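A.B. asks: One structure, as structure tokens, below. Some questions next.
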Amino acid sequence: MPLYEYMCDACGPFEEIAPISRFSDPCDCPDCGATSPRVLLSVPRLATLSSGTRRAHETNERSADSPKRSSHGPGCGCCGGSAKKKNSKTLYRPDGSKSFPTKRPWMISH
């Protein structure tokens, strides 16, 4: 429920929680009991964060109890450590075998 501000003529401003359906209704002062009208004394608290800041807050809140999990499994070729290196001098053949043409030609690959 929202927090509304009211102004009592005798006691001054006070705040009360009320349902939204009663936003325009006056409220009784908690000190003297006089009926007091609703007023706007402070700036309304609106969610006016930039989208980047809001996303950062949402990410921090989510990661507190449920960390983000990658959809990729172990040995992922697109981002894992087992991807083929572009500068590798290993020769990969269509049948799945590989050879190392510049490395010790007398050794058998396994």
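A.B. asks: Only one residue in Gly77, Gly81, Gly52 is farther than 30 Å from Tyr6 by Cα, surrounded by fewer than 11 Cβ atoms within 10 Å (Cβ to Cβ) and at pLDDT 85 or above. Which one?
C.D. replies: Numbers: Gly77 fails: at pLDDT 85 or above; Gly81 fails: at pLDDT 85 or above.
Answer to the check: Gly52.
A.B. asks: Give Pro19, Pro44, Pro26 a once-over and let me know the one that is surrounded by 11 or more Cβ atoms within 10 Å (Cβ to Cβ) and at negative phi.
C.D. replies: Pro26
A.B. asks: In addition: Looking at the range 17-50, which of its residues are part of a loop (DSSP other than H, G, I, E, B) and of a type in the set (Val, Ile, Thr)? Show your work before the answer.
C.D. replies: Narrowing the range 17-50 to residues part of a loop (DSSP other than H, G, I, E, B): 18-19, 23-26, 29-34, 37, 40-50.
Of everything in the range 17-50, those that are part of a loop (DSSP other than H, G, I, E, B) and of a type in the set (Val, Ile, Thr) turn out to be Val43, Thr48.
A.B. asks: Among the residues in the range 62-71, are any surrounded by 10 or more Cβ atoms within 10 Å (Cβ to Cβ) and at pLDDT 75 or above?
C.D. replies: no
The values are calculated or read from the model by the stated rules, or taken from the named source; none is laboratory data. Keep in mind it's a predicted model, so treat the numbers as computed, not measured. Note: ideal-geometry Cβ built from the backbone for every residue, glycine included; neighbour counts use all protein chains shown.
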